[in-house]
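Each remark here refers to the structure printed beneath this line.
The values are calculated or read from the model by the stated rules, or taken from the named source; none is laboratory data. Since we're looking at a predicted model, the values are computed, not measured. All Cβ positions, even for glycine, are placed from backbone atoms using ideal geometry, and neighbour counts span all protein chains on display. The area values use the complete protein model at the heavy-atom level, side chains included, leaving out ligands, DNA and RNA. Shrake-Rupley method; radii C 1.70, N 1.55, O 1.52, S 1.80 Å.
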There are 2 protein chains.
Amino acid sequence: MTGMAAESAVALYDEFVKAGLLIPAGPLGAFGRGAVFEQVLDAFDALIVRRAKADGVESMTFPPVIDRQILERTGYLEGFPDLCGAIHSFVGNEREARAIPKRIADGEPWGDLLVQTDVVLNPAACYPFYPTCRGTVPAAGRQVTMLAWVYRQEPSLEPTRMRAFRVRELVRVGNPTDVLAWRDSWRDRGFELLTSLGLAATLEVAADPFFGRAGKMLAEGQLEQKLKFEVVIPILPDRPPTACCSFNYHQQKFGAAFDILLPNGDTAHTACLGFGLERTVMALFRTHGADPSQWPAPVRALLWP
Amino acid sequence: MTGMAAESAVALYDEFVKAGLLIPAGPLGAFGRGAVFEQVLDAFDALIVRRAKADGVESMTFPPVIDRQILERTGYLEGFPDLCGAIHSFVGNEREARAIPKRIADGEPWGDLLVQTDVVLNPAACYPFYPTCRGTVPAAGRQVTMLAWVYRQEPSLEPTRMRAFRVRELVRVGNPTDVLAWRDSWRDRGFELLTSLGLAATLEVAADPFFGRAGKMLAEGQLEQKLKFEVVIPILPDRPPTACCSFNYHQQKFGAAFDILLPNGDTAHTACLGFGLERTVMALFRTHGADPSQWPAPVRALLWP
């Protein structure tokens, strides 16, 4: 980020804070959200769910922490070692425990007194769902939706680049034909949903932010095969538009990792789309102003029917 | 937990899973929630919020991760070192990153390749709020509410003892007279709210699960001064009733830690109450059965007005 772009990212954050939409809370990317921000977020999420429910989608909810093995089995630590948040905890006795407050009093790090647990922060809302599909799925496959807090270790001054944020995901499991048709249909529906809210959305072929030089090759393959699309919307001044919704076709990646089979014995395919709820809400405030009661009537009618 | 109690805790978990209320997800205490479980949870939460809104309470939302300094400044690591979940992440280069998948492939631990970050999992919904009050509060003090995912590192077979769960909190900041009157009033209102749902609730003086022998003394002081009350409800077979709501009077603890002042220059007092949303929902299912459409009409009328 250039100096000017960094300045305007900070200015936008300050503007959100001044309007009571965001609440400063110390570490970068871990701020609080005010009541009005949340009202819009809840309304936008409910709009997605109403559209998804028309398809007879199942709904489920997972905590912000998930089985560490999910990341281990899906190559997450190869693709994104820098983004992972692992949970460490203290397992010693009373004498050993006293070392922690002592370190804190001395202003010294205390992370080495902890050990890694069996859970990690969830980096993508759909991750904990796949292991629950182990075995043979019905012939029609499965369609589920979930809202989850996800975590990415990328401290930033940009209000849009959060470490903890909420994603509303829709997931499809099934044969490749059904899964691709679903992905294509939701790519259109997701794009239409965002433009119907008056947002200057653009659909793009995209790649994940894979780590390092080896990651560049992974990203090129992803672009070439058009496995990922994003809907981007202008939010930050002096910066390219921000991804607010992303569509991923995983092919057999999760099916193979968690032994998910089709009735004919083939490994199941999966795809998902995720709406970044905070980012979309920020786009709405940037586009229509800080006071939702003054937003255009058609936008209000969609959000608060 | 005795063998028999452990068996019945597992049986209850299995019963919840069989009814589709909970979804197994690997690590103890990190399971998913089904759609019907969430419908009841949302309805119960909305009921609390409707009651609280009558008081003109402010609403805010914080992520599941908070500033590590909040735990460091409030003595959390002295009282509950064993319950803390700290976030560690990877900060090395590409060569160093390759060690992680190698360790995973070899079935070896990889936590020592990470370093502690500036955030920790939030152990209590109200914690991130206190630092935002730094400075002088209005003469009438403040009343806020928030729902948050919280974390306690206590893996257990009991479905009621979760590692990640949601708490709806109400918080009061002000002078000691106002804060104590608020605590007493909400102790009655919170208890009444739970009994009005047909739950066999009991109000008890309580203590926090402080760590170790030194912790025993802290707990005794807390009991003696009646700083903590809990509403307990029978959920687990063969076990004492489970705390579903707790009321805490912190005196000046948070005011002093975060320089929160009254207009007269005194350090502000604080109190909070937290409803354990999942536990209360489990109590509702245990009390009224697995199908909310068959619950008593007065209970349904409160939850779905």
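Taking the label point 7 Å along Cα→Cβ, B:Ala6 and its counterparts in the other copies are spaced 5.5 nm apart, in ascending order.
Summing +1 for each Lys or Arg and -1 for each Asp or Glu among the other residues whose beta-carbon sits under 15 angstrom from that of A:Asp112 gives -1. Highest mobility in the GNM of chain A, judged by mean-square fluctuation with C-alpha springs under 10 Å and restricted to A:Ala86, A:Ala97, A:Ala43, is found for A:Ala97.
Would you mind telling me which residue in B:Asp184, B:Asp67, B:Asp106 has the biggest mean-square fluctuation in a Gaussian network model of chain B, where springs connect alpha carbons within a distance under 10 angstrom? Highest fluctuation of the listed residues: B:Asp106.
In the elastic network of chain B, a GNM with C-alpha springs shorter than 10 Å, the most mobile of B:Pro24, B:Pro101, B:Pro237 is B:Pro101. The apolar share of the surface of the protein assembly as shown, taken as the fraction of accessible area on carbon and sulfur atoms (1.4 Å probe, ligands and nucleic acids excluded), comes to 53 percent. In order along the range A:147-153, the phi-based Karplus estimate (6.51 cos²θ - 1.76 cosθ + 1.60, θ = phi - 60°) of 3J(HN,Hα) comes to 10, 9, 6, 10, 10, 9, 7 Hz; Gly and Pro are listed as x. The A-B contact accounts for roughly 4700 square angstrom of buried accessible surface, both chains included, probe 1.4 angstrom. Per residue of B:101-110, other chain Cβ atoms within 10 Å of the residue Cβ number 3 on average. Between A:Ser156 and B:Thr195, the FRET efficiency estimated from the beta carbon spacing at R0 = 35 angstrom works out to 0.15. Comment: the Cα-to-Cβ extended label point of A:Met217, at 7 Å, lies 6.2 nm from its counterparts in the other copies, nearest first.
Applying both filters, DSSP loop and at most 13 other Cβ atoms within 10 Å, to the trypsin sites (Lys or Arg not before Pro) of the range A:144-232 gives A:Lys226. Take every Cα-Cα distance within the range A:110-252, group them into 5 Å bins from 0 onward, and report for each bin the whole-number percent of pairs it holds. Histogram of Cα-Cα distances, whole percents per bin: 2, 8, 13, 18, 21, 18, 10, 6, 3, 2, 0.
Radius of gyration (Cα atoms) of chain A, expressed as a multiple of 2.2 N^0.38 Å: 1.07. Using alpha-carbon positions, what is the distance between the centroids of the range A:252-276 and the range A:62-118, in Å? Rounded to whole Å, the Cα centres lie 30 Å apart.
Legend: mean number of C-beta atoms from other chains within 10 angstrom of residue C-beta atoms, peptide B:22-31, equals 6.
Amide hydrogen proximity for A:His250: with H placed 1.01 Å from N in the peptide plane, the residues at 5 or more positions away or on another chain lying under 5 Å are A:Thr270, A:Ala271, A:Cys272. In chain B, the DSSP-assigned H stretches of four residues or longer account for a calculated mean residue ellipticity at 222 nm of -11000 deg cm²/dmol, using -39500 (n - 2.57) per stretch and the full residue count as denominator.
Amide H contacts of B:Ile23: B:Gly32, B:Arg33, B:Gly34, each under 5 Å away and 5 or more positions distant or on a separate chain (H built 1.01 Å from N in the peptide plane; Pro and chain starts excluded). The count of lysine pairs in chain A whose Cα atoms are under 27 Å apart, excluding pairs fewer than 8 places apart on the same chain, comes to 7.
Over the range B:236-305, the pair-distance histogram of Cα-Cα distances with 10 Å bins from zero comes to 17, 29, 22, 17, 14, 2 percent, rounded to whole numbers.
Simple spin-label estimate for A:Glu204 and A:Val49 gives 3.1 nm between the two label positions (7 Å along the Cα-to-Cβ direction from each Cα).
Taken residue by residue and averaged, Cβ atoms of other chains lying within 10 Å of the Cβ of A:76-82 number 6.
With no solvent and one point on each alpha carbon, what is the Debye value of log10 I(q)/I(0) for the protein assembly as shown at q = 0.05, 0.09, 0.12 Å⁻¹? Result of the Debye calculation: -0.21, -0.74, -1.42.
For A:Ser156, inter-copy separations between label points set 7 Å beyond Cα along the Cβ vector come to 3.9 nm, shortest first.
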